[in-house]
Each structure stands twice: as C-alpha cells, then as structure tokens.
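Worksheet for the structure shown next.
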Amino acid sequence: MDVKEKISLFPHSPGVYRYYDSEGTVIYVGKAKDLHKRVAQYFVDPSRLNRKTRLLVSRIADAQYSVVDTEADALLLENNLIKQYKPKYNILLKDSKTYPWICVTADEFPKVFLTRRVVKNGSRYFGPYSSVLHARSLLEMFRDIYPLRTCNLKIDSKAILHGKYRPCLEFHIGRCKGCCVGAISRNEYNGYIEEIVSMLKGGGREAIRHYKALMEEAAANLDFEKAETYKYKMQSLEKHYSKSIITSSVDSDLDVFSLVCDEAEAFGNFLRIRGGAVVQSLNLGFRMNIEEEPASVLSTFIAEIESKFGELSKEALVPFLPDVEIEGVDFRIPVKGDKLALLELSTRNAKEMRFNALKQREHTDPDNFHRKVLEELQKAIGMPVLPVHMECFDNSNIQGTNPVASCVVFRDGVPSKKDYRKFKIKTVIGANDYASMKEVVNRRYSRMLEEAPDDLPQLVVIDGGKGQLDFAYQALAELGLTEKLTVIGLAKRLEEVIRVGDPYPLFIDRNSQALKLLQQIRDEAHRFGITFHRNLRCKAQLDSALREIKGVGEKTEQRLIMHYGSVARIAAAPLQDLEDFLGNASLAARIKEHLS
C-alpha cells in the first residue's frame, strides 16, 4: 500500500503524525486537530505547496501517527518528538513553534532562564511548557523568592578570587546576593538552586501549602496587597502542576506498554515518560503462533523496546504482567488516577494501529480481511460456525400506514444485493413491530426451506431489542430452525447485542471490526426498508390525490403525471391547458376543483 492510501486511513482525531524516508528516518513531525484532514492536505494538490514542502512530500516513504485526547496534548507531544528525533524538515519550526523550557545551567553559580533550545552541555532542562506566560511567571516567582543572578558573566572561584567583576545594580537593590564578588557562598547559592529544581520536578505541593498559609496570614493582618502576591504565586504553582496527559502530574520517570492481541497478530504501543512528558512513542506489530500467550508476546515487546531505546525505567505500566521478570524494573497494573490515564492513552494507540492494519488489509487482501472480521464476529458472539451468510431484518411504518419489512443479505462479509428481499405486511393490522417481525421471518424461511434448504444463513440479525428478537425466535422455532442457525438482536441506542435466553446484553468493543460489520448490515437493512416504504407512501399519496376524482383511472393518472411531472403542477396548470390535454372539459373541471 502506498503512502496516499495509508494516510487515507488516518483517524479524525487529534494527534501527531510522523513522516519517514526510504531509510526509515523520521524527516518530519507534525501536529493536527484532525489527523485525517491535516495529513491529506499534503497530497490533494501538490501545485498549491511551496517548493520545500513539495520536496518533503516527494521523499515520504512511510507515515505513522499517535492519537491523543486534545489538540493541546498534540502540540506538546509534537514538541517532545521533534526534540527526540530532530527531523530534517522541522528546522523552520524551531524558533516559531517549539515550546519553552526552563534551563538550569551547570555553572558553579547556575543561572535559571527560559529557552527554546536544548543544548547537551550538562545543563538541566524542565518542560516544555504549553504557555510561555506560565513559564515566565514561574521564573518571576523564583526571582521574587530567591536572590539569583541574571547576568551572563562566567563566574567561577578563580574570577571571584582575582576580583574580576564589580557588583551591578541588581546587587544594590537586593535582587542578587552578589555571587560575582563572593558575597554569597557556593553552597548557599546552590541550596537555592536545588529548591528550585525540586519545585520543577514536582515538589511544589509543599510550596503551594506554604503560600496558602502566608496568604491567609497576610489577609488576617489586613495586608491585602501582600496576600494578593502570595495568591498569585500559589496559583502559578497550581497551574504548573495541573493535570494533563502529555504533561501529567506523574512526577516519576516511567515507561508505558500496551498490547492488543488477535489470534495470529499483536499490536503494541510504547510511551516513555520523562519529567511528566511523553518524549518517545512507538507502535510495533507482531505475528505470533496460535499457542503463544499474550504475556509472552508482551515480554518480547518489552525486550525489543529495551534493545531500541536502552535501559528501561524503574517503573513500567502494563495492562497485564509479562511472563518474565526484569531486574530493577517494577511492573505495575494501574487501576485509577493519572497512571491509568497514561495506560489508556497507550492502549488507544495500539488499537488504532490494529484498526489501521485491518483497513490496509482490506485494500491489499480483501478476502483475508473479511475472513478475519467474520472470525472476530464468530468469536465475539460465540457461534459454532463462521457466519459467511448473514441476513438482517428491519420493519418500517409510520403510525401503522404502509407497513413493510426488509431483508438484506451479506455473503463473505459483503452485501449481496441480488438476494435482498422486501415484504408488505399482510396479516398484521396497525403498528405492531413484534407481530410484523414474526410474520416476515416466517415467510422468509418457510419459502427458503421449500426452494433452497441448503442456503440457510448461519446468522440472522434482528434490528431491534428483546421484543422483536423473541418474536423472530418464535417464528424460527415453529419452522424447526433454532438449532440450525444463530439469531441475535442489535439495539441501536447502546449498540448492544441481545441473545435469546441471555438476560444480559453483550457489548462488543466499539472499535472492533466485528461490531462495525453488524452496524453495517443493520444500517443497510434500515436504508433498504425506508426506501421501499417511502416509495409505497409516495404512490399511495398519488393514488389518493388523483384516483379519488370521478373519471380518473390508472391510465389517465399515468398520462397526467408523465405530462406534468407532479400533482402540484397539475393543480397549478390552467384549466384550458388541462382541457386541451385531456380532451374532456368536464373532467378537467373536476380535477381543478378537487385539487384547488
């Protein structure tokens, strides 16, 4: 499958997409509120792109994506992945679209400042921050609390000893302790730095409580200006530690693994969390033998990630425990809170990869794809045989008028329109869906038993709930077919599968192809039935409008409709025109009088 076909399967979800060249190198990382719409823009009309973008598109050999919950999360994840992969074609985004970090330098007397560039020189970086105002407010807060230097001087013990510098205005107004002239010891200064680092790593909870106490104390002393200052500092920290998926309140470094297994395949997603931010994301697919357990596949997945990204974190989140233990790694299955949210995000990405793989197979190997879906449906419902022949029934009427029913047929997972059937309800009076369903099912399969007993379906789907299903089952029981086929109901409100004799509905995974196939056959039966009902209703309206006129029969009605096109146009036609067309002045007068 080429790249255009692959990106056509991207979901309509917020997330981040990655383009790869023929050597498997990431050449571009982008963000999107809607992945499908955003990525498609690159391939719709190349003439609308600038030269550099056209060059990028020409070098795209593969594309992958990661879904997130919100567009804001997509922005932050894009920034993290750009820092990780350093894609060639993202260079123009570094100044305008990268997010700020707070840097703590590795000097003897470190500086704390805001930057958009991460340089590997021993400095420590914290972030990125989605709001530059938020990051700046943190720096202002630190400078209010701690007398840190803001100059760019290279201050070390040698420079201080030789009196190389003189104190600046910041020293004289009390905003700096004068480390350039030795007015503060290195240990005391670095004590301030470590307190700041502790806050940036997540130790700000105690600071929030401290500022709250100071605020309340100042307010009690009627010093409202100072109380407002403490309130501002407290709210800045609260905003810094607000909950999010991509910049979560999980303080520790950890790895997240998720796995979605089919019978012969497995799809895994890996997220690496550092400082509360996702810095790496990878999807991998596995082919596995039928006897392999998911725990074994998870172990293989973890080993592959370790070989690609190095040593694992001390804590790893997993949906279930692997079948091997790794020294120094604590595998945990979260049940609530932020860590569960991270695992759910990873699982969503694994499911999206599985869905995408199945959709690709629909294009490259449709027969195998449909068989996989039917096997999934067979397993989900618990059928003894594969449902290669499926039929679905739906009733249609408006307040009991023109009651009809439809039967659509799917063979090998695709519609077989030549086998569709439509029914006019004959024995039921009024709007009785239950009795109508019993009549139609009985008529359908009593005739099949006479004409094609070897072509009975394996699965019968009833569009409706328990009532419709029970009456359909009664019809099958009267025909002696309950042991030969499976019948289920599909309730539209919650998309729940109703089974005969089971008091509890079956909920199939909403992202599964099995449920999508059931929805497709149900929607097709509804469409087919509604179309039939609409046609009958239109014909009945024509009949009631013209046939009630004395002297208008079927042939006259047809002539009028063919000539004028509709009853409304007949009513609007001049009397003389009707007389000329019909050749009967009295009949023309009766038609005009009746339709006026």
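Of the residues examined, Asp463 is one that is in contact (Cβ under 8 Å) with a residue 60 or more places away in the chain and among the charged types (D, E, K, R). Take the residues in the range 168-180 that are crowded, with 16+ Cβ neighbours inside 10 Å and either small (Gly, Ala, Ser) or over 55 Å from the mean Cα position of the chain (by Cα) (or both); name whichever of them is nearest to Lys111 (Cα to Cα). Here the answer is Gly178. I'd like to check something: does the range 501-518 contain any residue that is surrounded by fewer than 20 Cβ atoms within 10 Å (Cβ to Cβ), within 25 Å of Val404 (Cβ to Cβ), assigned by TED's automatic domain parsing to the domain that holds Gly413 and modelled with pLDDT of 85 or more? No, the range 501-518 contains no residue that is surrounded by fewer than 20 Cβ atoms within 10 Å (Cβ to Cβ), within 25 Å of Val404 (Cβ to Cβ), assigned by TED's automatic domain parsing to the domain that holds Gly413 and modelled with pLDDT of 85 or more. Of the numbered criteria (1) crowded, with 21+ Cβ neighbours inside 10 Å; (2) polar (S, T, N, Q); (3) within 22 Å of Leu377 (Cβ to Cβ), the one Gln458 fails is (1).
When only residues in the range 271-309 that are among the hydrophobic types (A, V, I, L, M, F, W, C), out of contact with any Lys or Arg (no Cβ under 9 Å at 6 or more places or on another chain) and outside any strand (DSSP E or B) count, which is modelled with the lowest pLDDT? So the residue we want is Ile290. The selection criterion, being part of a helix (DSSP H, G or I), more than 34 Å from the chain's Cα centre (by Cα), modelled with pLDDT of 85 or more and β-branched (Val, Ile, Thr), does not hold for Ile155.
Tally time: how many residues in the range 475-500 are buried (at least 18 other Cβ atoms within 10 Å of the Cβ) and either part of a helix (DSSP H, G or I) or outside the structural domain of Leu518 (by TED's automatic domain parsing) (or both)? So the count comes out to 2.
Restricting the range 158-176 to residues that are within 25 Å of Trp101 (Cα to Cα) and outside any helix (DSSP H, G or I), the residue that is modelled with the highest pLDDT is Cys176. Restricting the range 1-43 to residues that are over 22 Å from the mean Cα position of the chain (by Cα) and among the acidic types (Asp, Glu) leaves a set whose member that is modelled with the lowest pLDDT is Asp2. Glu108 falls short on exactly one of the conditions (1) in a helix (DSSP H, G or I); (2) surrounded by 15 or more Cβ atoms within 10 Å (Cβ to Cβ), and that condition is (1).
Table: residues versus (1) exposed (fewer than 14 other Cβ atoms within 10 Å of the Cβ); (2) under 17 Å from Cys103 (Cα atoms); (3) touching a Pro at 6+ places or on another chain (Cβ under 6 Å).
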residue	(1), (2), (3)
Leu148	no, yes, no
Asp156	yes, no, no
Gly182	no, no, no
Tyr189	no, yes, no
Ile196	no, yes, no
Glu225	yes, no, no
Thr229	no, no, no
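The set of residues in the range 492-519 being more than 25 Å from Asp262 (Cα to Cα), out of contact with any helix residue (DSSP H, G or I) (no Cβ under 8 Å at 6 or more places or on another chain) and in contact (Cβ under 8 Å) with a residue 24 or more places away in the chain is empty.
Counting just the residues of the range 220-251 that are more than 27 Å from the chain's Cα centre (by Cα) and of a type in the set (Ser, Thr, Tyr), which one comes out modelled with the lowest pLDDT? Per the stated criteria, the residue is Ser236. Where helices (runs of 4 or more DSSP H) fall entirely within the range 1-83, those with at least 2 residues that are of a type in the set (S, T, N, Q) are at 51-58.
The values are calculated or read from the model by the stated rules, or taken from the named source; none is laboratory data. These numbers were taken from a predicted model, which means no experiment stands behind them. Reconstructed Cβ throughout: ideal geometry from the backbone, glycine too, with neighbour counts over all protein chains shown.
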